[in-house]
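J.: Structure below; questions to follow.
Every number here is computed from the coordinates shown, using simple stated rules; none is lab data. Model, not experiment: these values are computed from the prediction. Quick reminder, even Gly has a Cβ in these numbers, built from the backbone with ideal geometry, and neighbours come from all protein chains shown.
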Amino acid sequence: MKPLMRCRLIRAGLIFLLFMLVLWPSFVLVSTAMGYWLGDGIVVSRYTGEPRRLMLAALTGGYAASLPQAAGIALVATGLLWLFSHRFVTLMLSGLAAAVFLLLVYLFTLPFSLANSLILILVAVEFLLLLMVGGYWMRRCRG
Amino acid sequence: MKERKIQAWTLTACLLVAIGKSDAAQRPLLIGGGYELAGSQGQIELNLGWVQQLLNEAGQSPTVFYTDGDDPAPDVFLYQPVSDQDGVSHKLARVFGEFEADGETFRNHRLEGVSGTTQRDVLEPQLRDYFASMQAGDELLVVYNGHGAPSVGREDEVSLKLWGDTRLSAGEFQDILDESLDPAVPLRYVFTQCYSGGFHRLIYENSESGLGLAEPLRCGFTAESPWRQSEGCSASIDMGDYRDYTTFFFAALNGEDRLGEPLKSDPDLNGDGQTDLLEAHLYTLEHAHSTDLSRSSSEVFLENRIPYYMSWVSFPGHLPDNRYGQLTQRLAARLDVPLESMNRVVRERLRELHSRYAQLRSEQLSTREEAQRLRRVVSGALLKDYPKLAAPYTAGYRELLAGQGSEIQARLDADADYRALVEAQDAEAVFDRRLLDIERDIAQLDKLKRLRRLAFYLDWLNDKADADVRQGYERLVGCESVPLSRTN
């Protein structure tokens with residue numbers, strides 16, 4: 001395998017892992033922040049009056065449960081980055097494509113009342129992650 | 001001819017089934033009372049007696065287990081505030097730290113038809129026998145009115161606090177059911193004690209894992225979650241102050257409250273002419289201005305079955321139009337919370353209430369400390385002049401009160417420190433009432449938030465949940481939607 005291809009594969013693998021591993025914590029973070037911003041603040045207060053360990057269990061349980069879905073989303077995001085990251089403009093377009101992809105997935109799997117709020121969160125998460133990895137990806141592998 | 005024979009046999013078989021069914025009935029079991037004399041408040045007795053009376057009127061004869069059973073020793077305590085006009089002994093009780101105890105009285109319970117004590121080692125075999133006596137077609141209704149103990153671990157480790165300070169956990173109760181109840185007999189329950197939510201684990205085949213619904217179905221209602229104390233259990237006998245789950249739940253089923261007052265709204269939501277258990281629960285959620293965050297088994301099931309990410313999502317969208325959405329709207333209107341800015345308003349009010357609560361609590365602690373200081377000052381001065389007051393169970397003490405009681409009373413009445421003590425002690429009791437009112441207001445807002453979430457969860461269930469989850473939920477709702485007077 002050519003060194004350039006090997007470099008790209010390693011880079012893609014790393015980004016895939018990063019996406020998969022940080023998707024859930026980012027989701028919780030963004031959801032909590034948006035909940036607060038939208039006046040809800042309900043995300044954490046749902047656990048009011050319950051032992052802190054239940055909230056932690058829901059957090060870690062959510063992490064484990066989200067991994068298969070996170071892997072799917074990470075795969076699509078990595079593929080899009082691979083295909084469209086030659087220029088900054090196409091990178092941004094790939095972000096848009098990923099958002100549309102998520103929109104379709106969640107509209108088909110969630111009731112509208114929930115997708116309505118979830119999509120906002122997911123697009124925000126996605127944007128955050130793209131910002132994090134986009135810069136790294138733009139640096140070319142040297143063959 | 002052959003056809004006629006078949007028809008005759010079919011008719012006979014139908015009659016036999018009908019006769020068999022008419023023997024079967026909903027069999028209520030009432031368990032209640034305190035775990036010791038000091039924890040056996042008069043309200044528990046009055047609650048249980050009222051439920052017993054309602055069930056009797058509904059044509060069912062409940063089996064009752066209460067505190068020490070038929071032991072004539074006192075097992076109920078009542079509290080009536082004592083007036084300062086009641087003489088020197090009450091004034092001395094204030095000074096020497098027996099202010100609360102001065103209003104307490106004790107007596108034996110006045111319930112009729114009590115089958116036995118709730119003491120664990122005596123109750124358990126009797127429960128086993130009772131459950132074993134039930135047959136296919138019977139339906140078991142368990143109502144518990146008493147105290148509960150929390151769990152530091154699993155939800156099904158919360159327990160009933162039974163007479164003799166004994167315990168029976170939700171998991172152990174399920175073991176008794178599994179070992180002695182005919183698997184064809186469904187169970188409905190109403191648990192009103194602190195931490196009662198742990199008893200919702202009874203709906204599962206295995207209370208520990210919480211996987212798979214028990215067969216036949218078990219469903220019911222609890223006053224609280226597994227983690228919170230419930231309202232009620234006051235020793236007061238002021239009937240107008242009843243605010244526990246039983247009070248509202250059975251009032252809805254009865255059509256009027258315990259005082260004979262009309263209900264605040266018609267609980268019969270589906271308009272079929274009778275109020276079922278679920279409708280009574282929804283009525284309680286709407287109208288109980290108490291500290292309880294009550295829940296039904298179907299609600300708990302729904303909360304346990306939502307996708308993992310739904311716990312972490314806020315719902316800024318429109319309120320779905322389902323039973324919890326409608327209930328949220330009605331409660332919001334009652335609490336004067338605008339729907340369009342509900343989240344913001346609720347959050348602001350909660351912040352304000354929590355802040356007021358903290359401030360009042362701090363003032364109460366200061367008042368308590370001041371009362372203790374004054375008590376030391378006044379009692380010290382009294383003991384200096386009347387040393388016999390230090391030994392209240394002696395003949396010398398009785399002689400002192402008989403001879404110099406009026407003198408001591410006059411001295412206290414003239415003492416500025418004593419008057420300040422009375423003020424501080426009375427203020428402390430007022431703080432308790434005000435703090436309870438704030439806790440109740442906070443609970444209403446927490447309830448509103450919870451109902452709103454349930455509305456979105458139910459929307460998810462109706463729209464996107466797997467068939468087995470939807471079916472499980474519907475079966476529990478069906479089990480809960482049974483009127484009290486139903487017999488098979």
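J.: Which residue, B:322, B:284, B:274, has the largest displacement toward the positive end of the dipole of region B:240-333 when charges sit on each Cβ (Lys, Arg +1; Asp, Glu -1)?
T.: B:322
J.: Separate question: In what sequence do B:268, B:156 fall when counting other Cβ within 10 Å, fewest first?
T.: On the way: B:268 18, B:156 25.
Result, fewest neighbours first: B:268, B:156.
J.: Starting from the 7 Å offset along Cα-to-Cβ, what nm value, one decimal, do you get for the label separation of residue B:395 and residue A:83?
T.: My value for the distance between the label points is 10.6 nm.
J.: Something else now. Where nothing but the Cβ of Lys and Arg (+1) and of Asp and Glu (-1) is charged, how large is the charge dipole of the protein assembly as shown around its Cα centre, in debye to the nearest 20? Write out the running numbers ahead of the final one.
T.: On the way: 64 positive and 81 negative charges, 843 e Å.
Taking the Cα centre of the protein assembly as shown as origin, the dipole is about 4060 debye.
J.: Would you calculate the separation in nanometres between label points at residue B:208 and residue B:388, each defined as 7 Å from the Cα along the Cα-to-beta-carbon direction?
T.: It works out to 6.5 nm between the two label points.
J.: May I pose another question? Kindly list the residues of region B:112-127 that lie in the label zone of residue B:106, defined by a backbone N under 19 Å from the point 7 Å along the Cα-to-C-beta vector.
T.: So the set is B:117-119.
J.: Turning to a different aspect of this structure: Using 1/(1 + (r/R0)^6) with R0 = 56 angstrom and r between the beta carbons of residue B:259 and residue A:92, what's the FRET efficiency to the nearest 0.05? Before the final figure, lay out the partial values.
T.: Working: r = 69 Å, r/R0 = 1.23.
The computed FRET efficiency comes out at 0.20.
J.: Let me make sure I get this right: for region B:140-285, a, b and c are the square roots of the gyration tensor eigenvalues over alpha carbons, sorted descending. Under 1.5 in a/c it's rounded, otherwise prolate if a/b > b/c, else oblate. Which is it?
T.: Because a/c hits 1.5 or more and a/b fails to exceed b/c, region B:140-285 counts as oblate.
J.: Moving on. Distance from the Cα centre of region B:156-187 to that of region A:15-38, in angstrom?
T.: 42
J.: Around residue B:162, which amide H atoms from residues at least 5 apart in sequence, or from another chain, sit under 5 Å from its own amide H, with H modelled in the peptide plane?
T.: B:167, B:168
J.: Let's test the formula: R0 of 60 Å, r as the Cβ-Cβ distance of residue B:333 and residue A:4. What FRET efficiency results, to the nearest 0.05?
T.: Values: r = 67 Å, r/R0 = 1.11.
The calculated FRET efficiency here is 0.35.
J.: Would you work out which of B:65, B:81, B:95 lies farthest towards the positive end of the dipole of region B:52-100, given +1 charges on the beta-carbon of Lys and Arg and -1 on that of Asp and Glu, about the Cα centre?
T.: Ranked along the dipole, the leading option is B:95.
J.: More than 34 angstrom separation, counting every C-alpha pair in the protein assembly as shown; what % is that?
T.: Cα-Cα pairs of the protein assembly as shown separated by over 34 Å account for 56 percent.
J.: Moving on. Give me the one-decimal nm value for the distance between modelled label points at residue B:289 and residue A:64, 7 Å along each residue's Cα-to-Cβ direction.
T.: Here the answer is 4.6 nm between the modelled labels.
J.: May I ask you to derive the FRET efficiency for residue B:215 and residue B:56 from their Cβ-Cβ distance with R0 = 30 Å, giving the value to the nearest 0.05?
T.: E(calc), rounded to 0.05, equals 0.45.
J.: Quick check on the exposure proxy: order A:36, B:418 from fewest to most C-beta atoms within 10 angstrom.
T.: Final ranking by Cβ density, sparse to dense: A:36, B:418.
J.: Going by C-beta contacts inside 10 Å, put B:244, B:165 in order with the fewest on the left.
T.: Ordered from fewest to most neighbouring Cβ atoms within 10 Å, B:244, B:165 come out as B:165, B:244.
J.: Grab the Cα-Cα distance for residue B:352 and residue B:178, subtract it from 0.36 nm times how many residues apart they are, and report the gain in nm with one decimal. If you can, show how the numbers build up before the last one.
T.: Details: separation 174, 0.36 × 174 = 62.64 nm, distance 4.80 nm.
Length gained between residue B:352 and residue B:178: 57.8 nm.
J.: If you place +1 on the Cβ of every Lys and Arg and -1 on the Cβ of every Asp and Glu, how big does the dipole about the Cα centre of chain B come out, in debye to the nearest 20? It would help to have the intermediate numbers written out before the result.
T.: Details: 53 positive and 78 negative charges, 180 e Å.
With Lys and Arg at +1 and Asp and Glu at -1, about 860 debye.
J.: With +1 assigned to the C-beta of every Lys and Arg and -1 to the C-beta of every Asp and Glu, and no other charges, what is the dipole magnitude of region B:351-488 about the Cα centre in debye, to the nearest 20?
T.: 280
J.: While we're here: Just counting partner chain Cβ atoms within 10 Å, what average do the residues of peptide B:319-327 show around their Cβ?
T.: The shielding value for this peptide is 1.
J.: For residue B:167 and residue B:423, calculate 0.36 nm times their separation in residues minus their Cα-Cα distance, and state this gained length in nm to one decimal.
T.: Stretched fully, the residue B:167-residue B:423 segment lengthens by 88.1 nm.
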